[in-house]
Amino acid sequence: MTDFLTKYAFLIVPIIKIAILVFIILTVDAYLTWIERKVIAHIQARWGPHRVGPHGLLQPLADGVKFIFKEDPLPSHVDKLAYFLAPFITLMLALTSLAVIPFGPQKFTVFGYETHVGIADVNISLLVLFSITALSVYGIALAGWASNSKYSLLGGLRSSAQMISYELALTLSVVGVLLIAGDFSLRSIVVQQSSGHGLLTWNIFPQIIGFLCFYIAAIAETNRVPFDLPEAESELVAGFHTEYASMKFAMFFIAEYTNMITVSCLATILFFGGWLSPFPTAWTFTHYLPSVILIPFGIWVFFDGIRYENLFGRLMLPGVGSALVVIGAALAFFPFLNDAIQGPFWFLAKVFTFLFVYIWMRGTLPRFRYDQLMSFGWKFLLPVSIANVVLTSIVILWRMH
Amino acid sequence: MSASLIIFFVLALLAIFAAVSLILQRHPIHSALSLIVVMVALAGLYLLMGAEFVAAVQIIVYGGAIMVLFVFVIMLLNAEEEERTNFSKMARFAGIPLALAIAGFIAAAIARNAGSLPAAEPSGALTSTKTLSNLLFSDFVYPFELTSFLILVAILGAIVLAQREN
């Protein structure tokens, strides 16, 4: 048995890693919808989901059950192949793009097979991500065209045009980082930003223009507010997914949230030092920061949960609170756990900050008009990112001499 | 049989089937989708030969940019399903034998020289951005600059043609 495991470890370990990552990502996607509804509700002075479970915490579960059991009608005269293929393409490409993201610095050995935190560590990971982005236009374009509905077709055409236009700015805005790093591998881009001085050597400082261009273009690529023209409900009903219901609609939704996560990971890796801590390496006391955050938060959840309005909440919330306290204490008292958590902790903290910015923008910004969107992309974003490339090259050349 | 040989056959068969389906499909969108499958399968073959950069660029440029334009135009024109016409006599009596003859010649030529044909060297070292740009801007600078000039001319031509109507 162990012989078999060691011999085929190169196959088995990645499959296990893929299963774990897909499970985690789907759970995060589900709870991202909960966070989004809660945050937007509080921005608009409402309560948000509050019925299913304490503070609406079981709402994603209820949504999932509802998606599975809803009727899935097939509109008449659709192109069946493309209609069924479109949500699968969208979801598959969204999940594939996560395979090349490195989540932490550690290497560990399973069944005698050395592996990283992250699924594939390829030397052209940035190019792989861009090629997946290039293909993901098809899912939306096909969905819009195959549905045999004018709203879907207009939404599909709009979003394809938008994604093609902003893909250029997205790719060019990253060239500055590539010039500094001299490598396509995301792992070495992060390693190149580490110096022991904390956040001072992150790419964000020399590449602030590049970052702004990248983030704006990435929001447009993921079709989110303020660039959510493809699903502008006041003019196009629901855009390219008007004719989709049940699980096929959910697949578009999961793909959208997964793309948000990928973009946040990419922004973290390219410009904010990935898993690196913002503090200098000499400040070892910052290693206790995860515990310092988790324990008080757990205590607050515990005491807030005791006086929740129903019995289920009074049992569940204190349970979650004490679990958080236990995890925080374990991270403080076991040095190997403390070491292992540093990379993933900073990575997740940065990714969740970006995800929060996404939701924040959705709660506060109005939508672009379509011609504004196009002229902004072609006449402002593209020239600025080209200027950034030229500027970065000149500075690098000047430093070389 | 090694794993890479199995992957080669899977990708090669996928490319051939998609290419045949590209010709046989009656709807333009289905043909375009088949062509995308051909492009992606070819990218997989490049990857198998160790040409990672070429594989990624194949998907970004051909699979992404160019084919998106194809699909876009087909969707905008709202092209309908094509009707099958009768086989022309020319195709039946001259086309099919000629196609078979060419396929036979190519197969025979490859089969005869199978032992002596040099295999392409794996180009793994090319993936470093520095090596790649050094090659593009030193050894291949004239073809590179000429190609970009050609593309510029084509873009200007497209703009002139599009502007003429106004």
Response to the item:
Log entry, pairs with first residue in the range A:358-374 being aromatic (Phe, Trp, Tyr), second being assigned to a loop (DSSP other than H, G, I, E, B), beta carbons closer than 8 Å, six or more apart or on different chains, reads A:358/A:224; A:368/A:226; A:368/A:227
Discussion item. Taking the criterion of being closer than 23 Å to residue A:137 by Cα and aromatic (Phe, Trp, Tyr), would at least one residue in the range B:85-103 satisfy it?
Written reply: no
Fill in: Failed condition for residue A:130, given (1) within 13 Å of chain B (Cβ to nearest Cβ); (2) more than 30 Å from residue A:349 (Cβ to Cβ)
(2)
Response to the item:
Picked from the range A:182-208 (must be within 12 Å of chain B (Cβ to nearest Cβ), of a type outside the set (Phe, Trp, Tyr) and assigned to a loop (DSSP other than H, G, I, E, B)), the residue surrounded by the fewest Cβ atoms within 10 Å (Cβ to Cβ) is A:182
Item to complete: Identify, from the list A:170, A:179, A:135, A:153, the residue that is at the interface with chain B (Cβ under 9 Å from one of its Cβ atoms) and either of a type in the set (Lys, Arg) or in contact with a Phe, Trp or Tyr (Cβ under 8 Å, 6 or more places away or on another chain) (or both).
Response: A:153
Fill in: Residue that is surrounded by 23 or more Cβ atoms within 10 Å (Cβ to Cβ), polar (S, T, N, Q) and modelled with pLDDT of 85 or more, where the choices are A:173, A:152, A:160
A:173
Worksheet item: Can you tell me which residue in the range A:156-167 is farthest from the other protein chains (Cβ to nearest Cβ), limited to those that are under 28 Å from residue B:52 (Cβ atoms) and either over 23 Å from the mean Cα position of the chain (by Cα) or among the hydrophobic types (A, V, I, L, M, F, W, C) (or both)?
Response: A:163
Worksheet item: Do we have any residue at all in the range A:222-230 that's among the acidic types (Asp, Glu), surrounded by fewer than 19 Cβ atoms within 10 Å (Cβ to Cβ) and out of contact with any strand residue (DSSP E or B) (no Cβ under 6 Å at 6 or more places or on another chain)?
Response: no
Fill in: Conditions (1) within 13 Å of chain B (Cβ to nearest Cβ); (2) in a loop (DSSP other than H, G, I, E, B); (3) farther than 30 Å from residue B:75 by Cα; number of the one not met by residue A:78
(3)
Item to complete: Just give me the residues in the range A:107-140 being closer than 21 Å to residue B:66 by Cβ and without any contact (Cβ under 8 Å) to a residue 60 or more places away in the chain, in sequence order.
Response: A:127, A:128, A:130, A:131, A:132, A:134, A:135, A:137, A:138
Worksheet item: If you take the residues in the range A:276-314 that are in a loop (DSSP other than H, G, I, E, B) and small (Gly, Ala, Ser), which one is surrounded by the most Cβ atoms within 10 Å (Cβ to Cβ)?
Response: A:277
Worksheet item: What helices (runs of 4 or more DSSP H) completely inside the range B:29-115 contain at least 2 residues that are within 14 Å of chain A (Cβ to nearest Cβ)?
Response: B:52-57, B:67-77
Worksheet item: Going by the structure shown, is residue A:67 farther than 25 Å from residue A:156 by Cβ and aromatic (Phe, Trp, Tyr)?
Response: no
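The values are calculated or read from the model by the stated rules, or taken from the named source; none is laboratory data. Note that this is a predicted model, so its numbers are computed, not measured. Methodologically, a virtual Cβ is constructed for each residue, glycine included, from the backbone with ideal geometry; neighbour enumeration extends over all protein chains shown.
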